[in-house]
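Visitor: Mind looking over this structure? Questions follow.
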Amino acid sequence: LELRNGFPYLRINNGSGETQLTLDGRGGQGRVQLDRLNDGHWHRIDIFREGNVVRLVVDQCRVASLTETSGNLADRRACEAQSTTPAENKYLNVHVPLELGGRSHPDAPYPERVMKEGFNGCIKNLIHNGEVGVWFVLTMS
């Protein structure tokens, strides 16, 4: 998970291929509904996985708009993206530490195409599988 141009960009690979989810803040009709997340305010990013289905939701999708064309349908494109990981692998297997905000070794070759600049900001209340984790902080000098 990283920010690109102020919006979340998620890459996930369950071992059978990668899928990508991204947002640009625009709803279904092209109107900007969600501001960039690098605005100095706190934001909430949820990532949900059920089998091969992955969803990315920003700020509980409070900016979703309703359309009344054929029933009340919520336009969540500005704040929610969904995709499916390829093939049948459903579980994320992590055999190395989960690193957030950057890499402990910036020259590590894997995973590919990860930003090397690292994260500049704050992360709090990181919850995994419904539990607040105990996290170790590594600072780069």
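The values are calculated or read from the model by the stated rules, or taken from the named source; none is laboratory data. Nothing here was measured: the structure is a model prediction, and the numbers come from that model. Cβ coordinates were reconstructed from backbone atoms using ideal geometry, including for glycine residues, and neighbour counts include every protein chain displayed. Accessible surface areas use protein heavy atoms only, side chains included; no ligands, DNA or RNA. Shrake-Rupley method; radii C 1.70, N 1.55, O 1.52, S 1.80 Å.
Visitor: By the scheme Lys and Arg +1, Asp and Glu -1, what is the net charge of all other residues having a beta-carbon under 13 Å from that of Val58?
Guide: Combined, the nearby Lys, Arg, Asp and Glu give +1.
Visitor: Would you kindly state how much longer the chain becomes between Ala108 and Ile12 on full extension, computed as 0.36 nm times their sequence separation minus their alpha carbon distance, in nm to one decimal?
Guide: Separation in residues times 0.36 nm, less the Cα-Cα distance, equals 32.8 nm.
Visitor: Along Cα→Cβ, 7 Å out, is where each label goes; now give me the distance between the ones at Arg55 and Gln20 in nm to one decimal.
Guide: For Arg55 paired with Gln20, the spin-label model returns 2.3 nm.
Visitor: Also, I was wondering about something else. Give the calculated FRET efficiency between Glu131 and His41 to the nearest 0.05, with a Förster radius of 30 Å applied to their Cβ-Cβ distance.
Guide: Step by step, r from the Cβ atoms, then E = 0.70.
Visitor: Hey, another quick one. Quick check for you: with a 1.4 Å probe and neighbouring chains kept, what is the accessible area per residue of the range 1-90, in Å²?
Guide: Heavy-atom accessible area per residue stands at 62 Å².
Visitor: Now for a separate question. What residues have an amide H closer than 5 Å to that of His43, excluding those fewer than 5 places away on the same chain, when H is modeled at 1.01 Å from N in the peptide plane?
Guide: none
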